[in-house]
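Only one structure is covered here, and it is reproduced in the block below.
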Amino acid sequence: MSFIPRGILPAMITPFTKEGKVNIPALRKLIEYLIDGGVHGIFAIGTTGEFYALSNTEYQEILEVTVEQVKGRVPVYAGANAIGTRESVVLASIAQKVGGISALSVLTPYFIGLTQNELYNHFAAIAASTSLPIILYDNAPKTHLTIKPATAEKLADIPNIVGIKDSTGDMTNTADIINRTRGKDFSVMMGRDSLIHAALSYGATGAVAATANVAPRLVSDIYDKFVAGDIAGSLEDQYRLVPLRIAFGLGSFPTVIKEALELLGIEAGPCAAPTGPMTEEEKQQLKRVLMEMQLLK
């Protein structure tokens with residue numbers, strides 16, 4: 001399969017109304033803000049998109065609106081995340097039926113403990129159920145389950161498994177996967193925003209970045225400058241981004257991202273319950289970070 005995930009893909013939030021409904025007008029405006037900021041794709045309904053809080057009907061509606069709003073300007077990626085294989089297959093089927101989806105991102109199961117062989121079988125079954133390209137998603141800090149480099153190497157031999165998003169935050173792990181899959185039709189995307197430049201230096205093809213919701217131009221510049229040969233400029237932009245990534249610790253994920261967007265005048269709404277808002281003190285700390293980064297006046 002010739003599809004190559006590349007560039008900066010914002011792990012897009014899902015805007016909600018105060019009543020907890022998906023805010024479609026806000027979603028459309030957010031997509032325009034991200035594309036205007038130079039991102040290289042739109043990644044809908046991942047962990048930052050609060051996939052766990054959405055019904056299948058909402059999942060389909062968000063993808064339909066996203067594809068319609070993007071209008072083919074950049075690739076659209078969709079999460080297909082669930083604890084069970086059957087549920088992920090259902091989501092993959094919905095995404096394929098929507099049309100206009102370039103690739104699926106599939107998170108490891110969570111809550112349950114699995115062997116690497118069981119993980120392989122899980123991803124292989126999902127890949128067999130769809131013709132869409134699949135990007136494996138390892139977010140071990142959240143799921144407490146990792147795709148070991150040897151397992152990623154084996155999964156890379158499945159034709160429509162085209163890459164992995166590595167959010168482990170372990171560059172040794174990232175480098176091992178890149179090394180093991182060199183020569184295969186398989187790409188590695190960084191999932192830890194503070195390590196984008198480092199991953200590109202190792203041979204990653206891009207990143208799925210939650211910070212790109214807030215600072216799409218800055219995050220995109222890390223990639224654009226790197227591929228243009230401005231290595232020093234890319235590294236400097238990486239340094240500029242780090243305070244925003246660290247600020248994620250000010251509140252429960254992904255409330256900091258939504259609050260930052262609201263401070264920038266971009267409607268994001270609350271997080272789905274039970275995730276609550278930031279305190280006023282936390283909001284002031286976040287505001288100072290945005291001002292120091294010159295994202296907010």
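The values are calculated or read from the model by the stated rules, or taken from the named source; none is laboratory data. These figures come from a predicted structure and were not determined experimentally. As a convention, Cβ positions derive from the backbone with ideal geometry for all residues, glycine included, and neighbour counts pool all protein chains shown.
Structure data summary
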item	result
Lone unmet requirement of (1) touching a residue at least 12 places away in the same chain (Cβ under 8 Å); (2) under 22 Å from VAL208 (Cα atoms); (3) surrounded by fewer than 18 Cβ atoms within 10 Å (Cβ to Cβ); (4) of a type in the set (D, E, K, R) for ASP157	(2)
Verdict on ALA268 being of a type in the set (A, V, I, L, M, F, W, C), at pLDDT 95 or above and under 20 Å from the mean Cα position of the chain (by Cα)	yes
Residue among ASP185, ASP221 that is acidic (Asp, Glu) and either crowded, with 24+ Cβ neighbours inside 10 Å or outside any helix (DSSP H, G or I) (or both)	ASP185
Hits in segment 70-83 - residues which are farther than 16 Å from LEU54 by Cβ and assigned to a loop (DSSP other than H, G, I, E, B)	LYS71, GLY72, ARG73, VAL74, PRO75
Some residue of segment 234-241 being at pLDDT 95 or above, under 19 Å from the mean Cα position of the chain (by Cα), crowded, with 16+ Cβ neighbours inside 10 Å and not in a helix (DSSP H, G or I)	no
Long-range neighbours under 9 Å by Cβ, at least six apart or interchain, first residue closer than 16 Å to VAL22 by Cβ within segment 269-281, second among the small types (Gly, Ala, Ser) and in a loop (DSSP other than H, G, I, E, B)	GLY269/GLY20; PRO270/GLY20; PRO270/GLY276; CYS271/SER252; ALA272/GLY20; ALA273/GLY20; THR275/GLY251; THR275/SER252
Candidate set from segment 1-42 (those that are of a type in the set (A, V, I, L, M, F, W, C) and in a loop (DSSP other than H, G, I, E, B)); member that is farthest from the chain's Cα centre (by Cα)	MET1
Among residues of segment 46-78, those that are closer than 19 Å to CYS271 by Cα, buried (at least 18 other Cβ atoms within 10 Å of the Cβ) and either among the β-branched types (Val, Ile, Thr) or in contact with a His (Cβ under 9 Å, 6 or more places away or on another chain) (or both), counted	3
Condition check for THR205: among the hydroxyl-bearing types (Ser, Thr, Tyr), surrounded by fewer than 18 Cβ atoms within 10 Å (Cβ to Cβ) and in contact with a Ser or Thr (Cβ under 9 Å, 6 or more places away or on another chain)	no
Test: ILE101 is β-branched (Val, Ile, Thr), without any contact (Cβ under 8 Å) to a residue 40 or more places away in the chain and within 20 Å of ILE161 (Cβ to Cβ)	yes
Any hit, segment 267-277, residues being of a type in the set (Ser, Thr, Tyr) and assigned to a helix (DSSP H, G or I)	no
Search result, residues across segment 188-197 that are buried (at least 24 other Cβ atoms within 10 Å of the Cβ) and assigned to a loop (DSSP other than H, G, I, E, B)	GLY191
Residue within segment 109-132 that is outside any helix (DSSP H, G or I), small (Gly, Ala, Ser) and closer than 23 Å to VAL188 by Cβ present	yes
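Listed here are the residues, each with its yes/no results for (1) under 18 Å from PRO216 (Cα atoms); (2) not acidic (Asp, Glu).
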{"residue": "ARG245", "(1), (2)": "yes, yes"}
{"residue": "GLU259", "(1), (2)": "yes, no"}
{"residue": "PRO274", "(1), (2)": "no, yes"}
{"residue": "PRO277", "(1), (2)": "no, yes"}
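This table checks each residue for (1) surrounded by 15 or more Cβ atoms within 10 Å (Cβ to Cβ); (2) assigned to a helix (DSSP H, G or I); (3) out of contact with any helix residue (DSSP H, G or I) (no Cβ under 9 Å at 6 or more places or on another chain).
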{"residue": "THR211", "(1), (2), (3)": "yes, yes, no"}
{"residue": "ARG217", "(1), (2), (3)": "yes, yes, no"}
{"residue": "GLY229", "(1), (2), (3)": "no, no, yes"}
{"residue": "ALA232", "(1), (2), (3)": "no, yes, no"}
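Yes/no per residue for (1) crowded, with 16+ Cβ neighbours inside 10 Å; (2) among the hydrophobic types (A, V, I, L, M, F, W, C):
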position: VAL98; (1), (2): yes, yes
position: GLU118; (1), (2): no, no
position: ALA128; (1), (2): no, yes
position: ILE134; (1), (2): yes, yes
